[in-house]
Structure formats: C-alpha cells, structure tokens
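The structure under discussion is supplied below as structure tokens; questions concerning it will follow.
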Amino acid sequence: MQVRQVNTVNSQRQLKRDINNNKNTNFNVNINNQKQQNPSFKGGLDGFCLGLANLIENGGLFISFTLQDMLGTNLPRPIMGLMRNSKENNGEKNTKFAAKELVREMLTGPSMFLIPMGLLKLGKPVLGETIDVPRAQIKALGDIHAANPLNAAGQTLTKKEFYQNAFTEIIKNAKSEPQATEETIKKAGEFAEKLATSLAKDKKSKSKAIGELADDFVGIAKQHAKDAAHTDFTVAKLSQTTAVPFKDGVKSIVAYADDVVGKVKGQDAGKLSEAIKKVANNKSLVRVGVNVGMYAAVIAFLKIIPKLYNKAEGEGNAGLKGLMKEETLNSSAPEKKENSNVLQAQINKSNPSFGSASSVAKNLGTKALNAFEFEGCNVSFPMLLGLMAIGVIIPRINQAKDKYDREEILRRDLVTCATMCFGEKILQKGFSKANETKSGFVLASKKAGFKNQNVFKKFFDYIRPIKGVKVMSTDQIISKYSGLDKYKDGIKGFCDFISGQGGNLGKVFSISDDAKNIVNGLLQAEGKTIANADNAAITSVLDKAKDSAEVKKLTSLFSKKDNPWVTKARTLNARFTALSVLVLVPAFLGFMLPAINERATKKRINEEKAAAEKQKSDSLKAINPDFFSQSTKTQNIFSDFQ
C-alpha cells in the first residue's frame, strides 16, 4: 500500500486555513500542500469536506486513523465510561472505568505513529536520509546510479547529474522506450535543473517545483499511455518492477542523492559501480533494520499500555461496579493467572525475531520486506494488522482482570480493529460506487477486465481494503479530468477512460451547458441526443470531429485543474470520506460498541446469577424433597429465609 509521509503540523495548519477560507466566497484547496495554482471550490459543507479529504490524502494513514481514533474512541469512550452502569449505581459517575478508557485510548492510537515519527527524526542525522526511503526504491536508485557512475568528463556524478539520470529512467519508462532518446534525456535535464534550483532555495520552492514537475510528468504519461482507461498517470517507474507516486519518487531521489551521490568516489567506472551497489545494499539493510526497530518499539510500548490503564482503574473491575457485591468483583481474577502462560506463549510465538538487519534481509523474501515497509510514520496495511494483533489484542487479553474483562476486550477490540482497518475503506468504495451509478462519473479505478468478472469477484474487489477497486485521489482525478488535449488520442482518450471504467459520457458532459450543447450539436447529425446516445456513439462523433472548432472548444473547457468536472468528482468523493471518517465509524466505535459491551456483560452476569440461584434451589430440593412438596404457602415462607 502506498501512503504519503505526513508533516503533522503543516497538515493541521493547512486544514485550519482551509476551514477559515470557508467564510469567503471561494474555498481554496491546496492539493500539494504548497502555494500554487489550485482548484477553488465554493464554501460551506462541501468546502469543509474537500479540505478534510485533502488533509487525509496529504497525511495518509496517520491522519485517517488518528481522526477515526480520536472521534471514535479517544473522546466518546471515556464519556460512555462515566455513564457505565449508571442505573445500577443510582446515577453515580463511574470515574474509575472512565479513567481506564481514557488512558487506554489516548495512548494506543497515537503511539503507533508518533513513535516511528520520533525514531525517524532522531535517526536521520546518524543513519542518513535514506532510512525514510523504502528499500525497493533504494535498490532501484542504486541501479540507476551504478549504471552511469561517471559524467561525460569522466568525473564522479554531481547530484544534479544524478537527478537527470533518474528522471531519464522515469520518463523513458513512461514512454515505453527501449533506450532513452535524445528528447527524453533533454526533458530529464530540464526536470533536474528545476529540482536542483528549487533545492537551493527553501522548502516552499521545493514543494512548488515537485508539484510542477508532477504536472509535466502526467502530461508525458498521458501522451504515451497504451491504455488510457486503466493507466495511473500519477505513478512513475524507477525500474520495471518499482512503481511509486511521482512526488514520492522525487523525494526519494533527493534523499538518495544526499546520502550517496558524491560520497562514493573513484575514477574507474567498473569499480565505482560495484562500490555504489555495495553502498546501496548497505543502505537497504539499514532501512530494514530501521523498519524492524520501529516495529519493535511500537509493540514494546503497546504491551505496556494494559498495565498503565489497569493502574489508572485501580483494584477490581470497575466495569462491574453496581452489578455485583464489591467483595466478589475480583472473584474471577485467578483465571488471569491460569491463562497467562498460554497467552504469553502466543505472544512469543507471534512476535518477530528482531535480529540483525542482515539476518532479516536473508531470511525474509522481497515481498515480505516490501509488505512491512513504513512510509514515513505511516505503517503498511499488513504491518497495521500485525500491530493490532501482536501489540494490542494479545497483551490486553493477557492482562485482563477477569473473564468479563477478557470477553469485553475480545468483543470491543476485534470489532474496533476490523472497523479501523477495513470499515472506512469499504464504506468509501461503496459510496463511490453508488455515486458513480447516479452521476456517471468515474470515482474509483478498476483493473482491466473488471467489468467482465462475475459478481462475486467484483464484490470481493470492493471489500478488499487496499487492492481491488481503489477510490481515486485528488491527483488522480485531476490527471484524468483535466488536460484532455494531453491524452494520446485527444478527447477520445478521455472518452475511453470514462467508458473503460464504467462511467456515462452523457451524464459527465451534461454537468456543463456549454459541453452539453456542443455534444448535442454533433450528435444531431446522427439523429441522436446526449440523453439517448450511448458511450460508443458519443465517442465516435467526438473522434470524427476531433479537429473541428467545436471539439477544440469542448477540450478547452477541461484545460484548467479547477474545471467543473474535477470539482464535481472531488466533491462526490470528499462528501463520503467526511461522512465515513467523521460520522459513521466514530458513531459505531464510540457509542454503539461500548453500549453493546455493557449490555452483554450485564446479561452474562444476570444469567450467571439466575443459574446460581437455580443450582442452589435444586440442591436444597435434593436435600429435603418432602419439604419442597408442601403447600405454596410453606414454600413462600421458606423463600423468605433464602
């Protein structure tokens, strides 16, 4: 899973600026978290949703997870904890249980991201910038460097010359060239010059330059894409096997150059190439070690959290207050000790072996290493599942106070982990699907051949959290819905995209009166209108008239990045991102799930009390059956003495 590194402070400031801009006529969304020409949207609720969606995209899993965690667990669960068993306690607040909920939730979610963030911050001055670059990208960049370690003058490459070589490889792969042409090399030189110039200034200049380079790259990818419908124009290939979002790739190029280029020197190209490969391999091993170290640090802290929230709660299980006598609250405590060894064995079995980076690299396959990569402070999806299981659920079960606490942990945390990992993504995909059907817009990307799959495979692709159907990001929407003249086949390429992904061209063009009138005018010669023409008919008339003034005018309507189609597509996705993250998931996790847990525990205790009373009654009947066969009056008298 590709997720972006996040600058938390800048992201928070950006959201604040975006929300404040709602007071004005236009709502300006900074797509690249930089000052550049960006789409403007009307204020109000949609403006807020767009700002939130932009923040989540820039922040990746960290922001998405943290928002759900704060709104779904950290804030509501302590409130629900205060009201735990309120009826049974004559309205008294359950402060001990609330304290437990507060400590548990406030420490768990943030620590999974803040610990890696802190370790990366401390590690970079010592281990170099490449500790923040995925190992597959380090290898690809090392191969690019080793292939041409010297410049034309026979000297060791400068950083700018390395940038040019890296961009040459990216552009060559985007154009599917066997060997880079002079045109490609020249264009790569322009990219390198712009990047080097921006790096000599400040961070804002760097961000602006990367955004402009990304726009240029999208144009190149569009012009040479063999399949306009399914090609992601925002993704660059550092090698035939290493694909990365272009902006992230540029950041990796800069980090690698700072760490390696110019520091490995020599006049013999062959020896220099070998030295570069060795350095790149060492950097890759260091990166593996850093991943393992961050993973180990997070797990170690997560395992301490149950001790901290149990201490905040104090003696006994505060969740049972009012449901049974105080002296019996710890009656199930021995179960904890009895099960401790078994659970600890599970933890030991599940925990990875944190040996040397070299040992890990040799024993784990490439896919496994890539699957457990950090992206900045963001964990990959497989790693998130691992942290949930090894760091959250097992230690909590192991340190549960009694059987009731253990049951609540299983019920609460299994559902919470599943919802946080799968729920939001599935909801977003479902909402995008519903909006696609209604609006005709393509809002999520599907693989080639998706529409020919059976219904079960399609359903599976929608419920897969990372793979399968993917909701389009802002950059992807802009790349598809603007700059139609950059498509290889012009406007036909855009039509192929909409048709190939299951959209409706008639509905898409109809959101603009100008576009609708142009398409209707061209269809009139065929005896059709935009309302009754299918995608094939619309594509055909537009392709036939591709050199006409009408089609050129239609194409010009899509020229800007803030055109009505970009705005529409972004707004449709953003609304349901906000609904999922801010309302649906928090409501379920924060209020419904604690209430379900409380009711389930009460039911369990009541059933146990009833069973105990029945067992006691049956025992007494067995001792003196003649007595219990007396009149109802006698039985009632006896019951008073029980």
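The values are calculated or read from the model by the stated rules, or taken from the named source; none is laboratory data. None of these values were measured; they are calculated from a predicted model. When we count neighbours, we look across all protein chains shown, and the Cβ atoms used for this are built from the backbone with ideal geometry, even at glycine.
Just to check your reading of the model, which residue among Ala536, Ala531 is surrounded by fewer than 21 Cβ atoms within 10 Å (Cβ to Cβ), among the aliphatic types (A, V, I, L, M), assigned by TED's automatic domain parsing to the domain that holds Ser499 and not in a helix (DSSP H, G or I)?
The unique qualifying residue is Ala531.
Results for (1) within 25 Å of Gly219 (Cβ to Cβ); (2) in a loop (DSSP other than H, G, I, E, B); (3) in the same structural domain as Ala225 (by TED's automatic domain parsing); (4) among the basic types (Lys, Arg), shown as yes or no for each residue.
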{"residue": "Gln428", "(1), (2), (3), (4)": "no, no, no, no"}
{"residue": "Phe460", "(1), (2), (3), (4)": "no, no, no, no"}
{"residue": "Ile477", "(1), (2), (3), (4)": "yes, no, no, no"}
{"residue": "Lys516", "(1), (2), (3), (4)": "no, no, no, yes"}
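Out of the residues in the stretch 83-100 meeting the condition of being under 23 Å from Ile397 (Cα atoms) and free of Cβ contacts under 8 Å to residues at least 60 places away in the same chain, tell me which one is surrounded by the most Cβ atoms within 10 Å (Cβ to Cβ).
Just the residues of the stretch 83-100 that are under 23 Å from Ile397 (Cα atoms), to begin with: 84-85, 94-100.
Subset that is free of Cβ contacts under 8 Å to residues at least 60 places away in the same chain: 95, 98.
On the way: Thr95: 15, Ala98: 21.
If we take residues in the stretch 83-100 being under 23 Å from Ile397 (Cα atoms) and free of Cβ contacts under 8 Å to residues at least 60 places away in the same chain, then Ala98 is surrounded by the most Cβ atoms within 10 Å (Cβ to Cβ).
Which number in (1) loosely packed, with under 15 Cβ neighbours inside 10 Å; (2) not in a helix (DSSP H, G or I) marks the one condition that Arg599 misses?
The one condition Arg599 does not meet is (2).
For the stretch 145-262, give me every one of the helices (runs of 4 or more DSSP H) that falls completely inside it and has 3 or more residues that are under 23 Å from Lys470 (Cα atoms) and touching a residue at least 24 places away in the same chain (Cβ under 8 Å). So that I can check it myself, show each step before the final result.
On the way: elements: 159-174, 182-199, 203-224, 246-259.
Fully inside the stretch 145-262 and qualifying: 203-224, 246-259.
Something else now. If I filter the stretch 590-622 down to residues being over 30 Å from Asp413 (Cβ atoms) and among the aliphatic types (A, V, I, L, M), which single residue comes out as nearest to the chain's Cα centre (by Cα)?
Start the filter on the stretch 590-622 by keeping residues that are over 30 Å from Asp413 (Cβ atoms), which leaves 613-622.
Still in the running and among the aliphatic types (A, V, I, L, M): 620, 622.
Working: Leu620: 61, Ala622: 63 Å.
For the stretch 590-622, the residue satisfying everything is Leu620.
Can we say Lys433 is surrounded by fewer than 19 Cβ atoms within 10 Å (Cβ to Cβ), touching a residue at least 24 places away in the same chain (Cβ under 8 Å) and not in a loop (DSSP other than H, G, I, E, B)?
Details: surrounded by fewer than 19 Cβ atoms within 10 Å (Cβ to Cβ): yes; touching a residue at least 24 places away in the same chain (Cβ under 8 Å): yes; not in a loop (DSSP other than H, G, I, E, B): yes.
Judged against the criteria, Lys433 is a match.
Can you find, within the stretch 387-430, the residue that is nearest to the chain's Cα centre (by Cα) among those that are crowded, with 21+ Cβ neighbours inside 10 Å and of a type in the set (Ser, Thr, Tyr)?
Thr416
In addition: Looking at this structure, is Lys553 among the basic types (Lys, Arg), surrounded by 16 or more Cβ atoms within 10 Å (Cβ to Cβ), without any contact (Cβ under 8 Å) to a residue 40 or more places away in the chain and part of a helix (DSSP H, G or I)?
On the way: among the basic types (Lys, Arg): yes; surrounded by 16 or more Cβ atoms within 10 Å (Cβ to Cβ): no; without any contact (Cβ under 8 Å) to a residue 40 or more places away in the chain: yes; part of a helix (DSSP H, G or I): yes.
When the stated conditions are applied, Lys553 does not pass them.
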